[in-house]
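The structure appears below as structure tokens.
Every read-out reported here was derived from the displayed coordinates using simple, explicitly stated rules and does not represent laboratory data. Given the structure is predicted, the values throughout are model-derived calculations rather than measurements. Positions of Cβ are generated from backbone atoms using ideal geometry, with glycine treated the same way; all protein chains shown enter the neighbour counts.
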């Protein structure tokens, strides 16, 4: 399949077969043989690069064994349509050109007779196609400047690495529907962290199971014996049990060869999401593995990426313990304004976030190459810290090998409470904007992690549409128009001095009455984000929410940088010292920003920029 480039938004290529519209009657070259009430053979008798499979999301998955010359080549799971077709998805036939291909389908629906089974609309909708049509049919909520899959389901980012000026982003991906299933590694690349080019799926389920999250490194010293500068991936094989497997790539991560001696790590209990890095001080590889149900992280060492030794564990009874621990990361950073360095252990958790569902917690401490020791409070306890105080930043991990010593990270912009129910269908989920992780010491003396927008994001800043060098905010709101272009997508900057005010309220609204209310409470040193009336909120009882973040200041002064996309708002305060990431689904684009205050607040350097597209 030819790669398609995403420039600010996912730019779709025209073709012959529609992905998201109901398919036409089955084309010639497809033969349907019903064997019983739940079993059907679909024979490919004609020519075509793809066979299109009609999907109805309300159904359960059908199991499809792909038989090639009589042998099972792979197994996929598809919610085949019974009463209506929501959209169609492609199965790629090109690897099996010149061979006999049969889809052995076992459907989950109970039927009383074969006649009833034959009435499922999927059988008439299955068709062959030579090309795919990626035309975007969901521009209403499709992000303009966030990475999204062309179609299908996406969750955790994983396996990210930087090499030769290219940022590689892999992600948990379902090519056969917009709900979780068939976990594979989707793949996109970028030279600027804004414009993304879609690549072929990099890793697909195999005999050991689905491909869950993991990490990649560039093996510059050929420690694994696969070749100098080989890209090595470690990931979780999730079959009956979870185990850790290896693959390697000699073409910069486009294609991978699965290590024949997999798995390389096995345990007696569930563990996943291996994250590895080279430790210069000890001259060996270190790895963090989430011991998911035990609510802890396991630490391993290896000389060659193949033989791993368990060294220690961290986490039991520490931090947020209400959900499974997943998607770890471990790295060292300097503390801003000092000569001190500290280690940060990222621990994504689901559920158990501060406002329900999934979230990113972290610990600050020290790492000696074998054991992580968390910093403690004066009473000896280990505090729970959160990297983002919105509801929609999860599975955040960083790129391996980022340039200039940067610790650049990205998350999945959703929440497991409602990710499968958000009001999109052609695709589900986007990534957050890329962020630069840092450390700073707060007013209480504690070391905290900051999360600031990556510098590359300045490159998408467009026309200055509104500005005010200085205004006084009071009880009567001052209003500013958002750009009309691109559905109000924009970037907002401002500085707030609330030393003589109790609070400052920012409201994003539209003519339909939707509104997002953001409030800075000076006395409490808190910032809140209210999306309860933000637009479409009734698809999940967990979606309407008010999230609250500490601002880590005591002087009544904050600076804000707010990114508004078609279905998300990301707010960065005080250069990332507090962050809130929240999805929104307005019934029409937000068009106005209003500023009001209880007391006399000074607003300075207010600027609203449109976002450039190519």
Let me know the shape class of segment 449-514, please: from the alpha-carbon gyration tensor, a ≥ b ≥ c as square roots of the eigenvalues, rounded when a/c is under 1.5, otherwise prolate if a/b is greater than b/c, or oblate.
oblate
Starting from 0.36 nm per residue, how many nanometres of slack lie between residue 115 and residue 338 once their C-alpha separation is accounted for?
72.8 nm
With T = 37 °C, eta = 0.692 mPa s and Kirkwood Rh from C-alpha pairs, the Stokes-Einstein D of segment 455-611 in µm²/s is about 210 µm²/s
Starting from 0 in steps of 20 Å, tell me what percent of the Cα-Cα pairs of the chain lands in each bin.
19, 51, 27, 3
As an exercise, take the mean of 1/r over every pair of distinct alpha carbons in segment 241-317, invert it, and state the Kirkwood radius in angstroms.
13.5 Å
Helix-derived [θ] at 222 nm for the chain: sum -39500 (n - 2.57) over DSSP H runs of at least 4, divide by residue count, nearest 500?
-500 deg cm²/dmol
Quick one: if the Förster radius is 35 Å, what FRET efficiency do residue 84 and residue 293 give, using the C-beta to C-beta distance and rounding to 0.05?
0.35
R0 = 56 Å: FRET efficiency of residue 532 with residue 100, Cβ-based, nearest 0.05?
0.50
Just to verify a number: FRET efficiency for residue 130 and residue 321, C-beta to C-beta distance, R0 = 51 Å, to 0.05?
0.45
So what is the relative contact order of segment 152-453, in percent, for Cα pairs below 8 Å that sit 6 or more residues apart?
13 percent
Quote the convex hull volume per residue of segment 194-264, based on C-alpha atoms, as a whole number of Å³.
98 Å³
Could you tell me the relative contact order of segment 17-129? Use alpha-carbon pairs under 8 Å, at least six residues apart, and round to a whole percent.
42 percent
Could you give the length gained by full extension between residue 523 and residue 331, i.e. 0.36 nm per residue of separation minus their alpha carbon distance, to one decimal place?
65.7 nm
Isotropically averaged projected area of segment 158-300, using the convex hull of Cα atoms (one quarter of hull area), nm²:
9.5 nm²
Rounded, prolate or oblate: which fits segment 337-440, taking a ≥ b ≥ c as square roots of the Cα gyration tensor eigenvalues, rounded meaning a/c under 1.5, else prolate when a/b beats b/c?
oblate
Global geometry of segment 152-453, whether rounded, prolate or oblate, following the gyration tensor of its Cα atoms and the 1.5 cut on a/c:
rounded
Below 8 Å between Cα atoms, with a sequence gap of 6+, how large is the relative contact order for the chain in percent?
11 percent
Scattering profile of segment 385-506 at q = 0.09, 0.12, 0.13, 0.15 Å⁻¹ [log10 I(q)/I(0), Debye over alpha-carbon scatterers]:
-0.40, -0.73, -0.85, -1.10
Rounded to the nearest 5, the percent of antiparallel DSSP beta bridges in segment 152-453 equals 95 percent
Can you give the Kirkwood hydrodynamic radius of segment 17-129 from its Cα pairs, in Å with one decimal?
13.8 Å
In nanometres, the difference between 0.36 nm per residue of separation and the alpha-carbon distance of residue 63 and residue 604 is 188.8 nm
